[in-house]
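The structure appears below as structure tokens.
The values are calculated or read from the model by the stated rules, or taken from the named source; none is laboratory data. Owing to the predicted nature of the structure, the values given are computational and were not obtained by experimental measurement. All Cβ positions, glycine included, derive from the backbone under ideal geometry; neighbour counts span all protein chains shown. For accessibility, only protein heavy atoms count, side chains too; no ligands or nucleic acids. Shrake-Rupley method; radii C 1.70, N 1.55, O 1.52, S 1.80 Å.
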Amino acid sequence: MADLSFEVQAVSKYFPGVKALDSVSITLEPGKTHALLGENGAGKSTLIKIITGVYAPDEGALHVGRAPVRFASPRDAIMAGVAVVHQERNLIPRFSIAENIMLEHLSDQVLRPLNFAAINEAARPWIEKLGINADPSTPVMELSVAQMQMVEIAKALSLQSSVLLLDEPTAALTPHETVALFNVLRDVRDKGVCVLFVSHKLEEVQEICDSVTVLRDGQNACENLSMNGLTRQDLVRMMIGRTELIAGYRPRDIDRRENALELLDFSSSAGHHGINLAVASGEILGLYGLVGSGRSELAKAIIGLLPTDGGDIRRDGQRVTIASPAEAIHKERIGYVSEDRKHEGLILQHSVLDNAGITVWRRAVNRFGFLTQNSVRRLVEPYLKKLQVKTPSLRQTIGKLSGGNQQKVAFAKWMAANCDVLIIDEPTVGIDIKSKTDLHDLIRDLASSGTAIILITSDMPEMIQLADRIAVMTDFVVSGELGNDGDYSSMSKQIIDLIHIEETRLVGE
């Protein structure tokens, strides 16, 4: 076996009242892609922070090659050849794509004016390699969430490190973008880099990873097992102690005679035109499309975050005007679970209770006009328990929770609001398998209780498991609608055909 490139030996980490890691070990080999799996709260993020110098281990040791190391800071880890793509993006919004990618290289320019043309040219190969369809000088704030994720990955790759850690790198990517990323990762691996790949998408793990380590409750459920011969059920059993029970598509009877929400010849300032969509009470309408197709922008136009340019929005058959998200939720009872929890869905400096309760404050005011934490707690706690949010208390600052638990709180916030219409944008990004199954059940339960749901997801299996109908968007128009029969092979082919046909038409124009 080749010399070990990076090794974690019996590492433990303590926080007040919690032992986050208990004698965890993992070995990363050159030229191999290693999976790190576990549920939310299993210790994956803590382990990554130790490997990258954010935390120091309380027990155990790290080795680069055969030499013991101790990182006092992330800078130490970078200098030792460790690069990381975190689940939460760490980009500077006002800086350009090129400036973000080359940020660690700008120190060479100390006391000299920056040569922006040279920075753009140095970043261009990484932009092209990852298929980022934007000029290097474009400010990051103008990019989509998926494009930002690609910039984050390009930034890590540009360091040309010997160890590359990726924490949920495909969470915001479409299947097409994921294929491009995997081609890059195979190239990096084949050049002798050891890659650590963290994902809740087991089909991706099985496709790209050579070996696996599984954490459960802060301990090794397995250490450095070969992926050869391991099934999905084997991985799930190690992660949660039992075999995953995934419900397939469940046909439901929907009364579509009256629509809860309808768009008629709808246009927006984002570029939508001629949009005609309808969702009935109790129906799950899927909205599928590649990144840049206008799905999230359509959701934001519906709830008043983006101006409308024409057409009608109708609620229960009545034409309405929605000027702000506050009007959407309180006047029209339309909620929106954003895909970008960090910047749009949550206030990271506030508590779990504050974030989960923000949509129910008006309902929680008592007869004397006062808002109390107990009244808010009564409305939101059942949903937090339903989603099994792992937090020391509801007073915990939400920014200190794992990404998956933050997503659950963002979802619980809108569950508690009792909306008649709920738009859910990428609901299971960063969610582990067990929680994903629970969340799917909750979405079905909401629909069965009469909530009209518009589901936006880039996860095609998730779309076909949940949606009653699927509308496909391309270039800010609806290119077609499909009834869902639950046959994955047939449905996925029809969806891809709709995207391809519309893209071909647009190119012809």
Tilt relative to the chain, helix 373-386 - C-alpha long axis, 0 to 90 degrees, to 10: 70 degrees
Counting all C-alpha pairs of the range 256-320, share separated by more than 18 Å (%): 33 percent
222 nm mean residue ellipticity, helices alone, for the chain (DSSP H n ≥ 4; -39,500 (n - 2.57); rounded to 500): -10000 deg cm²/dmol
Ranked packing of 317-324, 454-461, most packed first, by mean Cβ within 10 Å: 454-461, 317-324
Heavy-atom accessible surface of the range 204-337: percent carbon and sulfur, 1.4 Å: 43 percent
P(r) histogram, all alpha-carbon pairs of the range 189-283 included - 5 Å bins from 0, percent: 3, 9, 14, 14, 9, 6, 7, 9, 11, 12, 5, 1, 0
Rounded to the nearest 10 Å², the accessible area of Ser73 at probe 1.4 Å: 40 Å²
Label-point separation, Gln9 to Asn133 (7 Å along Cα→Cβ), nm: 5.0 nm
Kirkwood hydrodynamic radius of the range 308-386, Cα pairs, Å: 14.7 Å
Given charges at Cβ of Lys, Arg, Asp, Glu: the range 190-323 dipole, positive-most of Gly271, Gly282, Met239: Gly282
Sites Asp58 and Asn90, calculated FRET efficiency, Cβ-Cβ separation with R0 25 Å, nearest 0.05: 0.50
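Express the C-alpha Rg of the range 55-199 as a ratio against the empirical globular expectation 2.2 N^0.38 Å, rounded to two decimals. Let's see the in-between values first.
Working: Rg = 15.7 Å, N = 145, 2.2 N^0.38 = 14.6 Å.
So the range 55-199 has a normalised radius of gyration of 1.08.
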Base-10 log of normalised Debye intensity for the chain (one unit scatterer per alpha-carbon) at q = 0.11, 0.13 Å⁻¹: -1.01, -1.38
Label-point separation, Val320 to Glu203 (7 Å along Cα→Cβ), nm: 3.5 nm
Ranking by accessible area, most exposed first, for Trp361, Trp126 with a 1.4 Å probe: Trp361, Trp126
Hull shadow area, averaged, the range 145-223 [alpha-carbon convex hull, nm²]: 5.7 nm²
The range 267-411: mean projected area of Cα convex hull, nm²: 10.3 nm²
From phi via Karplus (6.51, -1.76, 1.60), per-residue ³J(HN,Hα) for the range 90-96 in Hz, x at Gly/Pro: 10, 10, 9, x, 7, 7, 6
Accessible heavy-atom area order of His440, His330, His273, highest first, probe of 1.4 Å: His273, His330, His440
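Of the DSSP beta bridges with both residues in the chain, give the percent that are antiparallel, rounding to the nearest 5.
Within the chain, antiparallel bridges account for around 55 percent of the total.
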Distance-filtered residues of the range 125-160 - backbone nitrogen under 19 Å, label point 7 angstrom along Ala117 Cα→Cβ: 125, 135-138
Helix 403-416 axis, angle to the chain major axis (alpha carbon atoms, nearest 10°): 10 degrees
Area of Glu207 that stays accessible when all protein chains are in place (1.4 Å probe, Å², to 10): 110 Å²
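Counting heavy atoms of the protein chains only and a 1.4 Å probe, report the per residue accessible area for the range 85-200 as a whole number of Å².
Working: 4980 Å² over 116 residues.
I get 43 Å² per residue for this part.
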Inter-label distance for Lys493 and Glu258, nm, one decimal - labels placed 7 Å from Cα along Cα-to-Cβ: 4.0 nm
Dipole in debye (nearest 20) - the range 53-160, about Cα centre, beta carbon charges: Lys, Arg +1; Asp, Glu -1: 160 debye
Tyr14 - accessible surface, heavy atoms, 1.4 Å probe, Å² rounded to 10: 100 Å²
